[in-house]
Each structure stands twice: as C-alpha cells, then as structure tokens.
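A.B. asks: The structure follows.
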Amino acid sequence: MGKQITRAFAAGLLLSAILILIFKPFDSGDKEAAVKKGYVQVKETEYNQMKKEKTEWEEKYKALSAKNKETSVKPKDDKSKTKSDKTEKEPKKDTTKDSAKKETTKEPIVKYQLTIKKGMTPNQIAEKLKAAKIIDHQGNFVEYLIKNKYHEKIQLGDFNVTNEMDYKEIAVIITKGR
C-alpha cells in the first residue's frame, strides 16, 4: 500500500507541474500592481534614453557654470570701480517704498494646470511653463531642476501652478515633495 500512495502523490505532482507549464503563458497577472503606487514602469530603452539626456543636461550645466565663472572673474575696469565708490558714499535709499511700488504694478496672477506625461523631459516641462507665462526663463528653470536633483524625481499627473511661485515651489509640487 505504500507504493500506491507514493505513485499517486508523484502523479499528482507531475500533473500539477504540467498544468502550470501549460497555463503560465496565459496568466497576464496584474502588471500594474507590480509597480508601486505613484511610480511608472519604463522600458529599458526609455530608461537609457533618459540617462543619456541627464548626462547631456549635466554637461550643458557644467559648461554654462564654467562660462558664468569666467565672466564673473573678469577684472573690473576703472570706471566701474569709481561708480561703486560713489554708490558707497551715497546714503542708501529706503527699499520698502520701492517694493511697495513693485507690488502695486505686479502682473495679474496666472494660474495653470501643468500635465506631465510619461517620457516628458525637464526641458519640455519648462517649455510648457514658459508658454503659460508661469516662469520667465526656461533654461534657468531646467538648470535649477538639475542642480537640485529634482529632475530625477518628477512625477506624472496634473499640477496646479501660478506665476507667483518660485522655482523651488514648482519643483516641490511636480515632484510631490520627494
């Protein structure tokens, strides 16, 4: 009786293995559940393209930084020195009056719903924000994202932004605070 039980158990295992092999290709599973909520699954080619874009942006940033350092290191001519000496001697103006004037002449508040889709680059996002008049300088915004490593954390979705927000506030919103 021991042999019959062993043979029946082995036949059950063999049948189970055959069924798994046959039906495994048809099991689509819930691939969305395999990806954590708030994340997106990307193909390896897309990932490599994003890595390439990242290195290109970093190189551009380094080149711009080096260029800015060169221009800021240039010695000042005598005319600029005399101007700075004169401004030091003059009494400083009250800046609160100037800021109050600026506030009254401010542009109207522009609200915009930014939609970030799969595969969008920081440059494309900045382009949309510039077109909507949320930011003034597209390159500066992209440079800020890269410098502060926000470009690695950008999330997909719809985000409400205004032209009163600075780069950091916009970056925190589009990265959902990550």
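A.B. asks: With a point put 7 Å past each Cα toward its Cβ, work out how far Thr71 is from Ile173 in nm, to one decimal.
C.D. replies: Taking the two extended label points, one gets 2.9 nm.
A.B. asks: Which value, in Å² and to the nearest 10, is the accessible area of Lys130 when all protein chains are kept and the probe is 1.4 Å?
C.D. replies: 90 Å²
A.B. asks: A further question on this structure: Taking 22 Å as the cut-off for C-alpha to C-alpha distance, list the pairs among Lys51/Lys149; Lys62/Lys111; Lys52/Lys153 that go past it.
C.D. replies: Lys62/Lys111
A.B. asks: Same structure, new question: How charged is the neighbourhood of Lys149? Take every other residue with its Cβ under 13 Å from the Cβ of Lys149, and add Lys/Arg as +1 and Asp/Glu as -1. The partial results should precede the final answer.
C.D. replies: Details: positive: Lys54, Lys147, Lys153, Lys168, Arg178; negative: Glu58, Glu143, Glu152.
Residues close to Lys149 contribute a combined charge of +2.
A.B. asks: Additional query: Report the gain in length on full extension from Lys3 to Lys51: 0.36 nm times residue separation, minus Cα-Cα distance, nm rounded to one decimal.
C.D. replies: 11.2 nm
The values are calculated or read from the model by the stated rules, or taken from the named source; none is laboratory data. A quick note: this is a predicted structure, and the numbers were derived from the prediction, not measured. Glycine gets a Cβ as well: all are built from the backbone with ideal geometry, and neighbour counts include every protein chain shown. Ligands, DNA and RNA are stripped out before the accessible areas are found, and what is left, the full protein with its side chains, is counted by its heavy atoms. Shrake-Rupley method; radii C 1.70, N 1.55, O 1.52, S 1.80 Å.
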